[in-house]
Each structure stands twice: as structure tokens, then as C-alpha cells.
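Worksheet: the structure to be examined is printed underneath.
Just so it is clear, none of the values below were taken in a lab; they were calculated from the coordinates. Please read these numbers as outputs of a predicted model, since none were measured by experiment. Neighbour counts run over all protein chains shown; Cβ positions are idealised from the backbone, glycine included.
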Amino acid sequence: MSAMETNKVNNAQDDKDGTVAKSVPMTIAVSANVLFNMMEQKDSVIKPGVAFPFVKALVTVNAHLRELYPESEELFDIVLITDNHTQEEYLRDCLNKLGLSHISIHEEEYISKLHTKILYLTEDPEKAENAINNGHAAAIMFPNNKEDQWSDDGEAGGPSIARALALTQALAQLRVAFDGDGILFSDESEIVFKKEGFEAFMKNEKDKEDTPLREGPLKSFLEALGNVERKFRAKGKKCPVLTYLVTSRNPVIPGTRALKTLQTWDLEITQAFFLSGRPKGPPLKMIRPHIFFDDQKPHIDEACELGIISAHVPYGIGYETYKGAAKKPML
């Protein structure tokens, strides 16, 4: 691959004394329509949905943490969100049958009452936008009802849930891929690029190389994943969480600013791919993340076509451009 790859961007403290600071659990709120395939029911048994492998991997990480820290709280508090309270008994039965009995069920208003950090995954763009506007991490997932999502390759039919589950069980890992601008970082540089062009963008990044980018909507989730790694490191254990930066930035000045920003935040990633505008599909196929976050709909579409489970973050100029184009009448 011609893209620059940076392995183990590690800036966190080493926790040499074997202790780790207490962290507030992060709530992972998942809509019933993306955790389950509500459109595919056979013999009253519902199939897992597009978010299921991600949630299953989170549960596996929580189980490892319980083994290492029996008396501590789980880092991830996973909750199922439904608009229909009459379905609660049925959804509880589905959770129990699929090994997710520890997940609690709540209605939408529950999210507004939480005072912890939240990642909300939903099929509803308006709900995801509202969550972002209220300071939470959120993303839109697209339920895929095609049968080929249960095939072994999933190349032409969207995300392969069966393959993702198999990898989760085989490797006992959680793999998360993030875009940079509009995801981990704000869209400030992307605004310069879209409004003033490439040369202005490069000048902006050179002039501000040592100025950290502002926070993006998914920074809090990367922080939570970093807390997990610190907990494993404090016990001398290999962390099952792998994080990836997959960005269109080039590896020189724009890439340097991105890495310096992560250093300033005292955050780490497992591997970074600086693609210089090249397609994101090749590294994503290699990573096979349980979830990939991006603010650009074309990148989401490309990833889904390759069988990558993806989540569209409704934030910034990238998303506004997409919404504006979607509203234009067809001629």
C-alpha cells in the first residue's frame, strides 16, 4: 500500500506503578433497529442487526475487564433504546437468547437523563443529529436486510455480520476505525479545504502544525477506548482493543498535525493510515473493523460496498454538504 502507515501511536502514560485512575463508565446506547434486524423474523426469532458484532465485541471486552477488576464498574454500560415500550418483553427475550442478558432496555428519553459520556448508534438521522448537538457522540447506521450480509464474503451485499461475528469470536478483539477530520477532530481544517481549496488547506496546516485541532464528536469514544487499554496495561495484559485512524490527510504536514493533536490529548491509536486522498477501502478491508466512523457519505458507501460495518457521523461541513445535495430536486 502506498499510503503511509504509522504503527502504535502511543502517547499515554505507562502506568508503571500498576495502578490505573478511576474512569466514569461510558454509555453505549444502541437502537433496537440496528442491534436487531427488525425486518427479518423467522419463527418469532429475530436476527442480529448491523450493530450486533460491535456490541458483542464490547461485551467481550467488559468480560475481560471483570476478570481483571472484579470489584470495579464496567467501562461500557450498554443499553438498548426502543420507541415502542410494548416490545420490551420481546426484546428482552431476544437479548437473552443472543447472550446479551446484561443489557438494559430504555425508551428514547432515557438518553437525555444521562450525565455520563454517551455513544448513540441509531438508524434515525434526526436522533443522531440531536445527540451530536447535545454534546454526545452519535452516528447513523444503515440496517441491511439483504441475505448476503449473512454470507462469508459480503462483498456485494453490504456489511457481513456473520463474518464480523466469526472474527470477534476467533480473535476476542474489538477493532474500531475512525476518520480524522469531522470525527476525532473538528471540521475546522475541512472547512478551509472545501471553501478555499487544497493550497489554502496545506498552508493552514503548515502554519498551525503545532496548534492542536479542536475536538471532534468521537473524541470521547477514543478516550474511553484508551482507558480500557490503560486498565489492561496496568495488569500487564495485552489489550484486545485495536484502534485505527483512516484519514484522507497526507502523511507530511497534515498528518503531522493530526498526530501532534493526539499527543497533546494524551491519546493513542494502534495504527494510522494517511491516504493522501486515496480510497479508504483497501486499509479498511485489511483492518475489518467492527465499526468504522466517517462524516463523508461517499466513504461510508464505499466501505459498506466492501462489507465494512460503518457509521455515518452527522457533524460538520461534510455532513451539511451531503444533506444539501440530498435536498436538491432531481432535474
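What base-10 log of the normalised intensity I(q)/I(0) is obtained for the stretch 195-249 from the Debye formula, alpha carbons as equal point scatterers, at q = 0.28 Å⁻¹? For the stretch 195-249, the Cα-only Debye profile gives -1.13. For the peptides 51-58, 113-120, the ranking by mean Cβ contacts within 10 Å, running from highest to lowest, is 51-58, 113-120.
Subtract the Cα-Cα distance of SER104 and GLN87 from 0.36 nm times their separation in residues, and report this length gain in nm to one decimal. Walk me through the numbers on the way to the answer.
Values: separation 17, 0.36 × 17 = 6.12 nm, distance 1.33 nm.
This chain segment gains 4.8 nm when fully extended.
Around the amide H of VAL241, modelled in the peptide plane, lie the amide H atoms of LEU174, all under 5 Å away and 5 or more residues distant in sequence or on another chain. Once the cut-off is 17 Å, how many percent of the Cα-Cα pairs in the stretch 198-325 end up in the long-distance tail? Beyond 17 Å sits 65 percent of the P(r) for the stretch 198-325. Residue-normalised convex hull volume from the C-alpha trace of the stretch 31-137: 110 Å³ per residue.
Which order do the peptides 197-206, 287-296 take when ranked by the mean count of other beta-carbon atoms within 10 Å per residue, highest first? Numbers along the way, then the final one.
Numbers: 197-206: 14.6, 287-296: 25.2.
Highest mean packing first, the order is 287-296, 197-206.
Amide H to amide H distances under 5 Å link VAL50 with ASN144, where only residues 5 or more positions off or on other chains count and H is placed in the peptide plane. Pairwise alpha-carbon distances in the stretch 228-281 exceed 13 Å for 65% of all pairs.
Exceeding 26 Å between C-alpha atoms, which entries from my cross-link table qualify? They are LYS219/LYS323; LYS238/LYS285; LYS231/LYS280; LYS56/LYS127; LYS113/LYS280. Before the final figure, lay out the partial values.
Working: LYS219/LYS323 23 Å; LYS238/LYS285 24 Å; LYS231/LYS280 31 Å; LYS56/LYS127 23 Å; LYS113/LYS280 37 Å.
Violating the 26 Å limit, Cα to Cα: LYS231/LYS280; LYS113/LYS280.
Ordering 215-227, 307-319 by mean Cβ neighbour count within 10 Å, with the highest value first, yields 307-319, 215-227. Residue separation of THR211 and GLU320 scaled by 0.36 nm, minus their Cα-Cα distance, works out to 36.7 nm of gained length.
For the stretch 225-293 and the stretch 57-115, what is the separation of their Cα centres, given in Å? That distance is 27 Å.
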